[in-house]
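Engineer: The following block contains the structure, expressed as structure tokens.
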Amino acid sequence: MSVAGKVAVITGSTSGIGLGIAQGFARAGINVMINGLGDTKVIEAILEELNGYGIKAQYHGADMTQSAQIRDLMSTTLESFGALDILVNNAGIQKVSPIDEFPEDSWDAIMAINLSSSFHTTKAAIPIMRSAGWGRIINIASAHGLVASPFKSAYVAAKHGVIGLTKTTALECAEQNITCNAICPGYVMTPLVEKQVTDTAIARGISEEQVKTDVMLKAQWTKKFVEVEELAGTALFLCSDSAQNITGTNISVDGGWTAA
Ligand code: NAD
């Protein structure tokens, strides 16, 4: 069965990985509800590009820290598109700081955006997918959902939580043709990581170039940053019939990082 004509909600898709997945989905004929922060003109340009692939693309500005707005994102998608087949939980933020100095508001924001928002979207999506008899939930976790790095306490805790949520969701929906899996990327050079380069350089007292080569690509054995197109391809595979028995697991796209 082709995924063309399906409807996907992708949180945090105005930038980086989420945008790459939205573009990959649109090229595959999937209608997309995009979401995220950003300048109105930039969002309009993204919608124009996505609609140019001959699918229906729409934007909803739900703030992933607000459960009522998240519920509205999900119900609006169902109303506007008449379906909600695929959910990609991707929105995320990062903060690099030693744990004993970690700002409490940053901890709360990371927990809300990187973990709790996926609970709220999933809770709303499951009844819709159950009545349709088909669904795919894809959580963008991280290599940091499997292993830790110093100075990223909230992010690592939230991403480990996402893997736990993935497994539980998979078991609860297993007999209803709904799969739930996590994709665990290594480093992808998106705005989120560009900012981390600067912050990690300060936290570790090294240059930005050293952060890229000695910290980020040191962990990535292929010595290559992951490209957003690779993650879009992985997400599309998880939506395919070949992946119907792949559920409750995580796919690492990390250049060998977590193999070592
Ligand atoms: P990014 O900063 O380019 O994109 C993040 C997206 O989330 C943006 O669209 C942003 O507007 C949105 N967002 C942030 N706060 C939001 C809020 N309160 N409400 C709604 N949307 C919000 O970052 P990215 O690198 O593309 O990250 C996307 C996901 O991939 C995140 O979950 C991140 O943890 C994960 N990830 C990234 C990397 C990497 O190396 N870039 C590696 C592993 C996992």
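Engineer: Can you compute 3J(HN,Hα) from phi for each residue in the stretch 168-173, using the Karplus curve 6.51 cos²θ - 1.76 cosθ + 1.60 with θ = phi - 60°, rounded to whole Hz and x for Gly and Pro?
Structural biologist: With the stated coefficients, the stretch 168-173 comes to 5, 4, 4, 5, 5, 10 Hz.
Engineer: Which percent, nearest 5, of DSSP beta bridges in the chain are antiparallel?
Structural biologist: Antiparallel bridges make up about 0 percent of those DSSP assigns within the chain.
Engineer: Okay, helix-only estimate at 222 nm for the chain: each DSSP H run of n ≥ 4 adds -39500 (n - 2.57), divide by all residues, round to 500 deg cm²/dmol; what do you get?
Structural biologist: Result for the chain: -13500 deg cm²/dmol, rounded to the nearest 500.
Engineer: What does the accessible area per residue of the chain come to in Å², with a 1.4 Å probe and no ligands, DNA or RNA counted?
Structural biologist: 44 Å²
Engineer: Taking square-rooted eigenvalues a ≥ b ≥ c of the alpha carbon gyration tensor, is the stretch 1-112 rounded, prolate or oblate, where a/c under 1.5 means rounded and, failing that, a/b exceeding b/c means prolate?
Structural biologist: It is prolate, given that a/c is not under 1.5 and a/b is the larger ratio.
Engineer: Then there's this: Hey, got the dipole for the stretch 135-204? About the Cα centre, +1 on K and R Cβ, -1 on D and E Cβ, debye to the nearest 20?
Structural biologist: In total the dipole reaches around 180 debye.
Engineer: Can you pull the Kirkwood radius for the stretch 92-152, inverse mean 1/r over Cα pairs, to one decimal in Å?
Structural biologist: Across the stretch 92-152, the inverse of the average 1/r is 13.6 Å.
Engineer: So, one more: Quick one: net charge around Ala243, please, counting Lys, Arg +1 and Asp, Glu -1 for every other residue with C-beta under 15 Å from its C-beta.
Structural biologist: The answer is 0.
Engineer: For Glu79 and Ser240, FRET efficiency with R0 = 25 Å and r from the beta-carbon atoms, rounded to 0.05?
Structural biologist: 0.35
Engineer: Would you mind pulling out the separation of the Cα centroids of the stretch 66-136 and the stretch 219-260, in Å?
Structural biologist: That distance is 21 Å.
Engineer: Relative contact order of the stretch 118-260, please, whole-number percent, based on alpha carbon pairs below 8 angstrom and at least 6 residues apart.
Structural biologist: 30 percent
Engineer: If you don't mind, there's one more thing I want to ask. Take the cross-link list Lys41/Lys152; Lys152/Lys218; Lys159/Lys212; Lys152/Lys212; Lys195/Lys218; Lys159/Lys223 and give me the ones stretching past 25 Å between alpha-carbons.
Structural biologist: In this structure, Lys41/Lys152 lie more than 25 Å apart at Cα.
Engineer: With θ taken as phi - 60° and the coefficients 6.51, -1.76 and 1.60, list the Karplus ³J(HN,Hα) couplings across the stretch 198-211 in order, rounded to whole Hz; mark glycine and proline as x.
Structural biologist: 5, 5, 5, 4, 5, 4, 9, x, 10, 7, 5, 5, 5, 4
Engineer: Just to verify a number: FRET efficiency for Asp214 and Thr168, C-beta to C-beta distance, R0 = 41 Å, to 0.05?
Structural biologist: The calculated FRET efficiency here is 0.65.
The values are calculated or read from the model by the stated rules, or taken from the named source; none is laboratory data. All figures in this text were calculated on a predicted structure; none of them were measured in a lab. Because the Cβ atoms are built from the backbone with ideal geometry, glycine has one as well, and the counts that use them run over all protein chains shown. Quick note on the areas: whole protein, heavy atoms, side chains included, nothing else; ligands and nucleic acids left out. Shrake-Rupley method; radii C 1.70, N 1.55, O 1.52, S 1.80 Å.
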